[in-house]
Every structure is written in structure tokens, then in C-alpha cells.
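To start, the structure under review is shown below, and the notes come after it.
Read-outs throughout are calculated quantities, based only on the coordinates presented, and are distinct from any laboratory measurement. Since the model is a prediction, treat every value here as computed from it, not as a measurement. Note that each Cβ is placed from the backbone with ideal geometry, even for glycine, and that neighbours are counted across all protein chains shown.
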Protein chains: 2
Amino acid sequence: MIKTTFTNEQVVELAKLLKVIAEPKRLLLLEEIIRGVQCNCDLGESLGMAPNLISHHLGILRTAGLVTITRDPEDSRWVYYAINAQVMEDLRRTLDQFFSTQRAQPRRISCGPQSEDKVDKDLIPK
Amino acid sequence: MIKTTFTNEQVVELAKLLKVIAEPKRLLLLEEIIRGVQCNCDLGESLGMAPNLISHHLGILRTAGLVTITRDPEDSRWVYYAINAQVMEDLRRTLDQFFSTQRAQPRRISCGPQSEDKVDKDLIPK
DNA sequence: ATTATAGTTCAACAGCTATTGAATTATATT
DNA sequence: AATATAATTCAATAGCTGTTGAACTATAAT
């Protein structure tokens, strides 16, 4: 069953989530985490980012629910980030539906010279 | 064949394209165009946006290659926008790969108490 | 106890961009 | 020729946010 339309609220909601991942550094962080690089210091090192900036971006990813945080049981100073598979999967499916070319409808003629509105208007006498 | 990694350049490129669609008004415009509402005036009317703002956002969508523009053959003052199916499909597949949970790797231990670096360091005498 | 380390929070700033209103272009109508 | 219409371009503004450096918190090591 293919979803054919999105409500305005759903579109706005999707845009919000897209804004979270539409930032190059954040998307790079996600890619690294997906690859298995999940401790804060390695993320900062491999991307050349200051630790506070890492915190900032990971916080946004975390608020969006895309990643989860775990503290090391031996030494709780260390934190490890991991992707939230469920949220990722939901996002994947939503995007899959939104950008499905099957959804595309032909132009609805309601404007321009061919529109009936135009013709009707012309029939109204002045 | 599932793509397992993205290069930094690919990630940055993807982020740029995501930025284009991560704007609520633009995503709403895309949704409307997909539904078949494709003339400028209708788009503005159904979304409550001024014509110049419509132009602005559609210009960005057009620069990104997501939509194409056609002028009315009878009255070239009217323009109609349509989605670029090829670009949409490419984007859909890229996102499908990026957010595929199958890509996710377990944590690579290179930091923290369990890391070998740590242990090796401890073996070095002072 | 003191120092070191990992990470977060805070404050300030700069750059970008969505929005608005006015001016402009180009085509069609009268 | 003059006016109207559809759309774009331009200039100015305001709000948001990524970035930076400093201060702070919490835990571990000495």
C-alpha cells in the first residue's frame, strides 16, 4: 500500500527532522556513528571538531531521537553514541514514500488560459 | 548490492540537497507539485504565500534540479512547475541507502577503558 | 586532597536566509 | 498606444544557528 499524500502537518514535521540531518557536520557524525565510530573523542578527531561542538551537534541528533547515548560502565566519563535503528527505519520509510515517483500526479488544470475559471469569468457580463 | 559507506564529499553533497528540502515551505511546495498543483498562482493560494516568495523557493528547488519549469504555449506569462522524476528517484535511492539500518556497524573499540591504546600506554614506563 | 580527564553548558558573535515591500520585466489585453 | 497581468528581481530586515572560547560538572587517577 503506497501512501499518496501527506498532510501539511506531516510535511512540516518531516521538514523539521530533515533540518536536523541537513547540516553537513551532523550528517558526517551520523555516517561515522553508523560505521561504528561511536566514542566522542574519536568522532571529534576524525572530523576535526572541537569537543564542545561535537556535544552541540550530538545533542541535536539526540533530541531528534536519531541517536542514543550510553556511558561506559567502567569509567562513566566516557560516552558512546549509537544510532536509534527504529527512528532511522521510520525516517527511511517516510522518505521512501515522499520521494516515490509513483506519487506524482499530472498537472491539475485550474489556472492559466485553459482553465475553466478563466472561461467562466469571461462569460460574466460587465 | 548495498552501499556500505559514503565518502565525506558524498555526505556533504547530500547535506546540501537535504538543506533544499529541509525548509517547511519548500517541502510543502514539493508536496503540492507532486499532487499536481503546478501553476504558480495556485501554489501561492493554497499555501498562503506571496508570489515573490513562491518564486524565491521554487528558484531554489529549480537550482537543485528537483523541479522543472514550463511556460504556457498560449500565454507565456503563466508558468508551470513539475517535479524532475529522475532527480527525485536518485535522491530517494541515496536516502534509502544512507538510512538503511543494515549499514550500521557495532562499536569500534578504539577509545575508553577497554581500548588497547590505553593498555599499551600503561605499559610504557615513566 | 589534589590533579587530570571527558564531556557539557554558557555567553557572545558572525554568517546565512526566509520574509517583506517596492521596482522591474515581459507578455497579453483593451 | 496604454493598461493589466504573471512572474521575477532587488534591497532591506530580522531571526535563527553554527562556531568559538571560557567556565563548569563529574568522575577517575595520583
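Sub-9 Å Cβ pairs linking a first residue in region A:40-54 that is surrounded by fewer than 17 Cβ atoms within 10 Å (Cβ to Cβ) to a second residue that is among the aromatic types (F, W, Y), at least 6 apart or interchain, are A:C41/A:W78, ordered by first then second residue.
Which residues, counting only those in region A:20-50, are charged (D, E, K, R) and touching a helix residue (DSSP H, G or I) at 6+ places or on another chain (Cβ under 6 Å)?
Within region A:20-50, the subset charged (D, E, K, R) is A:23, A:25-26, A:31-32, A:35, A:42, A:45.
Within region A:20-50, A:K25, A:R26, A:E31, A:E32 meet the criteria.
Residues that are more than 9 Å from chain A (Cβ to nearest Cβ) and touching a residue at least 60 places away in the same chain (Cβ under 8 Å) within region B:81-113 comprise B:T94, B:Q97, B:Q102, listed in sequence order. Within region A:64-80, the set of residues being under 19 Å from A:A22 (Cβ atoms) and in contact (Cβ under 8 Å) with a residue 40 or more places away in the chain comprises A:A64, A:L66.
Just give me the residues in region B:52-73 being part of a helix (DSSP H, G or I), within 8 Å of DNA strand C (Cβ to nearest atom) and within 14 Å of another protein chain (Cβ to nearest Cβ), in sequence order.
Taking region B:52-73 first, the residues part of a helix (DSSP H, G or I) are B:52-63.
After this cut, where a residue has to be within 8 Å of DNA strand C (Cβ to nearest atom) as well, the list is B:52-53, B:56-57, B:60.
Correct list: B:H57, B:I60.
Can you tell me which of A:Q102, A:Q10, A:Q86 is assigned to a helix (DSSP H, G or I) and under 30 Å from B:S76 (Cα atoms)? Outline the logic, then answer.
On the way: A:Q10 fails: under 30 Å from B:S76 (Cα atoms); A:Q86 fails: under 30 Å from B:S76 (Cα atoms).
When all the criteria are applied, what remains is A:Q102.
Here is a yes/no grid of residues against (1) polar (S, T, N, Q); (2) farther than 16 Å from A:F98 by Cα:
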site	(1), (2)
B:L17	no, no
B:E23	no, no
B:C41	no, yes
B:S46	yes, yes
B:N52	yes, yes
B:L91	no, no
B:T101	yes, yes
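Residue under question is B:A22, and the condition is that it be near DNA strand C (Cβ under 10 Å from one of its atoms) and farther than 15 Å from B:I83 by Cβ; does it hold?
Details: near DNA strand C (Cβ under 10 Å from one of its atoms): yes; farther than 15 Å from B:I83 by Cβ: yes.
Spelling it out, B:A22 is indeed near DNA strand C (Cβ under 10 Å from one of its atoms) and farther than 15 Å from B:I83 by Cβ.
Assess whether A:Q114 counts as being over 30 Å from B:V79 (Cα atoms) and within 14 Å of DNA strand C (Cβ to nearest atom).
On the way: over 30 Å from B:V79 (Cα atoms): no; within 14 Å of DNA strand C (Cβ to nearest atom): yes.
When the stated conditions are applied, A:Q114 does not pass them.
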